[in-house]
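S.K.: First the structure, then my questions, so here it is.
The values are calculated or read from the model by the stated rules, or taken from the named source; none is laboratory data. The model shown is predicted, which means the values in this text are computed figures rather than measured ones. Here Cβ is always computed from backbone atoms with ideal geometry, including for glycine, and neighbour counts include all displayed protein chains.
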Amino acid sequence: MMNRTGVLSGVKVLDLTWHIAGPFCTKILADYGADVIKVERPDGGDPARSLGPFHKDEPHLEKSGLFLFLNTNKQGITLNLKTKLGNEIICELAKDADIVVESFRPGVMSRLGLQYETLEKSNPRLVMTSISNFGQSGPYRDFKASELILFGMGNTMYSNGLPDREPLKRGAGTPALFFAGNLAALATMLAFYGSEIHGRGQFVDFSIFEAQIGGSLERRASLLSYQYNGDITNRSDPRKRAIYPSGIYRCSDGYWDCSAIGGIWPTVGKMMEMPEIIDDPRWSNAGAQAQPGHREEFMAFFIPWCLERTKQECVVKGQKAGALCMPINDMKEVTCDPHLNERGYWIEIDHPIAGRLKYPGAQIKADEMSCAGRKSAPLLSQDNEAVYCERLGYTKRDLVRLRELQVI
């Protein structure tokens, strides 16, 4: 069993999640000290094990970077929930759990006989969080979803992209799923502490769709604008912004972002060491901001100014002048960032097959909230003996029999 400390030390979590949103939720709980048992299928485990990127580009169930990141500090067992014995084992584990988190399609837990109403009978203080695309009820509850679908249905894409082209999803990857996992962890802990205070458990119906609708400041502003004024936020052309310089610009070695400096025109002159432009009637507007009609004329000397300097040089000059600006870093530069390294953000964890790798560390820093332990993601079925024998009282001979019956 794991010997770790943390703000959630002693909290027992049964993890029936897979892919991204659910595992990220339980990862947060595990990283802050909760005792998390991750349950995987015997035939291949969590599908995230088959998703890249893979360490050294070698596809392997134990080398998925996504899986390794999402499952730090967890114990891992295999169990076939569709078997009668597997079902009984889950019920037994749930009796001793504080929290159960699952991310199956709506209705699956009921068909397995593992719905909250059943589990709470033997554990009235149990908190159960069900994470699904659209929630456990409503006309969309059985719909499949992807990041593109979630952003399209949730309004984000409608206001992204050029006005004369199709709407665009901003950026790559799966930010909506990670954000949902983060918020699901918060919702789970709110329910858990509520159960501690009131002495009764709770069921949390968590919708990824609803989480991403309310989770973006940009989208929230659009929703509020429509709610109060009936305004529909349309796409705008970033190349025609009235305030400038505002955007991302190329330097001699990459890009930098100075999107927030255009509102105070004297800052631009100080940054570029060109005091003569501060009071120039072409741009000066009561000394506050540049006038929109001369954008192209300004860019004719601002862009060469950027190209003659590295992004660090641009940022240093901008920061010295009081501008809000930063470099656009690639991933190598992020991992080498002196600020993050000085604050100990990155941690290194040894994995028996993937080796020693660097991982993002604590999202929150406080005396009692540092990450608890540095345990790598479990190998498939790694903790079967520890959980089945030490926690549930099975013998090693029982484990052999369970494997023969394809239960574990």
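S.K.: So which of Ala260, Ala211 is assigned by TED's automatic domain parsing to the domain that holds Ala145 and either modelled with pLDDT of 75 or more or assigned to a loop (DSSP other than H, G, I, E, B) (or both)? Reasoning before the result, please.
M.R.: On the way: Ala260 fails: assigned by TED's automatic domain parsing to the domain that holds Ala145.
Answer to the selection: Ala211.
S.K.: Quick check on my filter: what residues within segment 83-108 are among the aliphatic types (A, V, I, L, M), touching a residue at least 60 places away in the same chain (Cβ under 8 Å) and under 22 Å from Ser132 (Cβ atoms)? Even if it seems obvious, please write down each step before you answer.
M.R.: First, pick out the residues of segment 83-108 that are among the aliphatic types (A, V, I, L, M): 85, 89-90, 93-94, 97, 99-101, 108.
Next cut, touching a residue at least 60 places away in the same chain (Cβ under 8 Å) only: 85, 89-90, 93-94, 97, 99-101.
Within segment 83-108, Ile90, Leu93, Ala94, Ala97, Ile99, Val100, Val101 qualify.
S.K.: Answer yes or no as to whether Pro352 is more than 22 Å from Cys25 (Cβ to Cβ), outside the structural domain of Asn87 (by TED's automatic domain parsing) and exposed (fewer than 12 other Cβ atoms within 10 Å of the Cβ).
M.R.: When the stated conditions are applied, Pro352 does not pass them.
S.K.: Right, another one. Within segment 362-381, can one find any residue that is among the polar types (S, T, N, Q), surrounded by 12 or more Cβ atoms within 10 Å (Cβ to Cβ) and modelled with pLDDT of 95 or more? Talk me through it step by step, then tell me what you get.
M.R.: In the first step, residues of segment 362-381 are kept if they are among the polar types (S, T, N, Q); the result is 363, 370, 376, 381.
When the remaining residues are screened for being surrounded by 12 or more Cβ atoms within 10 Å (Cβ to Cβ), the result is 363, 370, 376, 381.
Right, trim to modelled with pLDDT of 95 or more and you get 376, 381.
Scanning segment 362-381 turns up at least one residue that is among the polar types (S, T, N, Q), surrounded by 12 or more Cβ atoms within 10 Å (Cβ to Cβ) and modelled with pLDDT of 95 or more.
S.K.: For segment 180-203, how many residues are within 19 Å of the chain's Cα centre (by Cα) and either assigned to a strand (DSSP E or B) or of a type in the set (Phe, Trp, Tyr) (or both)?
M.R.: Here the count works out to 0.
S.K.: If the requirement is being at pLDDT below 90 and among the aliphatic types (A, V, I, L, M), which of these qualifies: Val268, Val204? Walk me through it before giving the result.
M.R.: Numbers: Val204 fails: at pLDDT below 90.
Testing whether each residue is at pLDDT below 90 and among the aliphatic types (A, V, I, L, M) leaves just Val268.
S.K.: Just the residues that are closer than 18 Å to Ile349 by Cβ and without any contact (Cβ under 8 Å) to a residue 60 or more places away in the chain, please, taken from segment 47-64.
M.R.: Ala48, Pro53, Phe54, Lys56, Ser64
S.K.: May I ask you to list the residues in segment 138-190 that are in contact with a Ser or Thr (Cβ under 8 Å, 6 or more places away or on another chain) and closer than 30 Å to Leu8 by Cβ?
M.R.: Within segment 138-190, Glu147, Ala184, Ala185, Ala187, Thr188 qualify.
S.K.: Could I ask something else about it? Can you name the residue in segment 161-199 that is surrounded by fewer than 15 Cβ atoms within 10 Å (Cβ to Cβ) and basic (Lys, Arg) and, of all such residues, is nearest to Arg125 (Cα to Cα)?
M.R.: Of everything passing the filter in segment 161-199, Arg170 is nearest to Arg125 (Cα to Cα).
S.K.: Would you please name the residue that is nearest to the chain's Cα centre (by Cα), looking only at residues in segment 43-76 that are within 29 Å of Asp398 (Cβ to Cβ) and surrounded by fewer than 19 Cβ atoms within 10 Å (Cβ to Cβ)?
M.R.: Out of the qualifying residues, it is Pro47.
S.K.: Could you identify the single residue in Trp346, Trp305 that is surrounded by 14 or more Cβ atoms within 10 Å (Cβ to Cβ), at pLDDT 95 or above and among the aromatic types (Phe, Trp, Tyr)?
M.R.: On inspection, the qualifying residue turns out to be Trp305.
S.K.: Another question, if that's okay. State yes or no: is Leu79 in contact with a strand residue (DSSP E or B) (Cβ under 8 Å, 6 or more places away or on another chain), buried (at least 23 other Cβ atoms within 10 Å of the Cβ) and farther than 17 Å from Asp205 by Cβ?
M.R.: Taking the combined requirement at face value, the residue satisfies it.
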